[in-house]
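Each remark here refers to the structure printed beneath this line.
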């Protein structure tokens, strides 16, 4: 029996010499039966497989054009992609662009649908609609036909658009005549039409609106010391300049507003960046 036990012990030691030596020398956990995924070789294969899979996914992602990515934007009306409701002069988000019409579709029908969707969002000029149709691949002949028909029925009215635009931008944003005129020109409104609309904003109205902007801003701007007053005055003049007001009216309005609040400027103001 002793000889048999000794023989069994020698056989067991011979069966796993490598595992015992590796555990003793390299402090590696001995492999267990059925532990192929946990062994050194199994771990190496697993790591290579994961790396290869990640590299393949990276190559597929890098090779996929941004335009092929499906949109997740859903418009509130459910009538079409959100890009169709953006203005023609708005810059599209990276990777997105205006949706092209179906080449097999009737261009007149497609043009009418695009214009109606855009006009449902807000009033637009003829130029804005023409740019939107061009970006979506509508032929010029079909675009001109649809826009002329919309003109006839009153769906496009640049004069009415200009009047509403002037009142909104001057009343709510405090823009000057010059700034509003530049925006109307960018939207394709004729200079004569824009000039008629801008008659509502006379010099007295401009100065009154500028004073309102300055008075409101002064409530939150410190102006106790001479340095603070000069800094506040320069900031206010710069604000008016960004809204399109000329230097003469900006300087005068700021000085009068500071005097009305019980402070006087001791130094000259810096020239605003126009």
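Just so it is clear, none of the values below were taken in a lab; they were calculated from the coordinates. This is a predicted model, so every value here is computed, not measured. Here Cβ is always computed from backbone atoms with ideal geometry, including for glycine, and neighbour counts include all displayed protein chains.
Data for the structure
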| read-out | value |
| --- | --- |
| Net lengthening on full extension, residue 182/residue 205 (0.36 nm per residue, minus Cα-Cα) | 6.4 nm |
| Two-decimal Rg/Rh across region 158-198, once Rg and the Kirkwood Rh are taken from alpha-carbon atoms | 0.91 |
| Mean separation of Cα contacts under 8 Å (6+ apart) over length of region 203-260, as relative contact order % | 41 |
| Footprinting exposure proxy for 172, 251, 245 (fewest neighbouring C-beta atoms within 10 Å first) | 172, 251, 245 |
| Cut-off 13 Å, label 7 Å out along Cα→Cβ of residue 190, residues of region 98-132 by amide N | 126-127 |
| Least to most buried among 171, 220 (fewest other Cβ within 10 Å first) | 220, 171 |
| Distance from region 123-162 to region 201-263 (C-alpha centre basis), Å | 41 |
| Label-point separation, residue 99 to residue 242 (7 Å along Cα→Cβ), nm | 3.6 |
